[in-house]
1. Could you compute the net charge surrounding A244? Neighbours are other residues with a C-beta less than 15 Å from the C-beta of A244; K and R count +1, D and E count -1.
2. What accessible area per residue, rounded to a whole number of Å², is obtained for segment 57-113 using a probe radius of 1.4 Å?
3. For G266, enumerate residues with amide H under 5 Å from its amide H, sequence gap 5+ or separate chain, H modeled in the peptide plane.
4. Just how far, in whole angstrom, is segment 58-116 from segment 149-183 if you go by their alpha carbon centroids?
5. Each residue of segment 127-142 in order: what ³J(HN,Hα) in whole Hz does its phi give by Karplus 6.51 cos²θ - 1.76 cosθ + 1.60, θ = phi - 60°, with x for Gly and Pro?
6. Tell me, what ³J(HN,Hα) does each residue in segment 166-171 have, in order and in whole Hz, if you take phi through Karplus 6.51 cos²θ - 1.76 cosθ + 1.60 with θ = phi - 60° and put x for Gly and Pro?
7. Please list, in chain and number order, the residues 5+ apart from S242 or on another chain whose amide H is under 5 Å from its amide H, with Hs placed from the backbone.
8. How much accessible surface area, in Å² rounded to 10, belongs to the heavy atoms of D259 with a 1.4 Å probe?
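The values are calculated or read from the model by the stated rules, or taken from the named source; none is laboratory data. If you're wondering where the values come from, they're calculated on a predicted model, not measured in any experiment. Because the Cβ atoms are built from the backbone with ideal geometry, glycine has one as well, and the counts that use them run over all protein chains shown. The accessibility values were calculated without ligands, DNA or RNA, using every heavy atom of the protein model including side chains. Shrake-Rupley method; radii C 1.70, N 1.55, O 1.52, S 1.80 Å.
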Amino acid sequence: MGATTGTVVVGYDGSTSGDFAVDWATREASGRALPLTVLAAANATGYYPGHVGSTAWLPDAVMEHATELAGRGAERARRSEPGLDVRVEVDPGSPARALVHASRAAAMVVVGSRGHGELVGDLLGSVATPVAAHAGCPVTVVRGDRSRAIDGTHPVVVGVDGSPGGDVALDEAADHARAHGAELHLVSSFHMPELQTWQAEYWAAVRPGQTPADAARAAAQGLLDAARERVLERAPELVVVSHAVEGRPETTLHDAAWDAGLLVVGSRGHGGFASLLLGSVSRKAVHHAPCPVLVAHHPAPGGQAPKQHRRWARQTT
């Protein structure tokens, strides 16, 4: 299930959404026998008239409040799982930056979909997207029915498009479904634009007996067959259900995930700086899915945050 070492890191700001994120992350860490790190960001940028450097003085009130928040989130996790190794970390940067740095040595980062906390950072709604886009490990955005667990009645749903990023998402989804005894639902969508008259006539001439919609559905089914084969080689005991659905990917995934315990999508890019950004399907899932969303990433090289960042971090146990 992605990285097998490291910790599950959850961003916490004291909001209801943050509580849900801690609950989800606690279950994930416990199920994977990994430590849980509750991270609060003491973002003091707004308190300075100029640039905040590594030697800047941080107001005690900001750090104390963030430390109290992180401790509160950790206590919530310990009450839920008394035997879990729960750690606390406070970072003086912005929430998004802190979580992205933490992701480089983490097995997973978990964030809420909305939040608050003027004293400790920005709205979590504005944190989830950049973290999901830039993290060096899988990121789960806890949204929709946040209390729903992955189990025999709530499957793991993953989009299939045949891309390398899609394969990473497929493997992550298969591992989660296997770990929780859930079904794995594969969804491949196809969308047919309206053809002009000459295009329809040309198609009928070169492919008699097969409509464009038939060809598109066959292509989607081919992707599903290949994905199913890949999954069963990895986890032959899984129950795998395939869906070739006409429609746009963001719509078909949303509908397929309505009763899911988890929706898994891949990050998407086109090289260069664009490779750091979420694709449109993943972005819409992060903002609108009816259940928790996991954005799968390739593991970051090195597995360590920059030394300067580690020197800033204040950790407690």
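1. Details: positive: R217, R228, R248; negative: D161, D214, D225, E246, D255.
Charge balance in the 15 Å sphere: -2.
2. Details: 2260 Å² over 57 residues.
That works out to 40 Å² per residue.
3. HN-HN under 5 Å from G266: A296.
4. 27 Å
5. Karplus values, whole Hz, x for Gly and Pro: 8, 4, 5, x, 5, 4, 7, 10, 5, x, 8, x, 10, 10, 9, 8.
6. These are the phi-based 3J(HN,Hα) values: x, 5, 4, 5, 4, 5 Hz.
7. Excluding prolines and chain starts, which carry no amide H, the hits are L186.
8. Accessible area, nearest 10 Å²: 100 Å².
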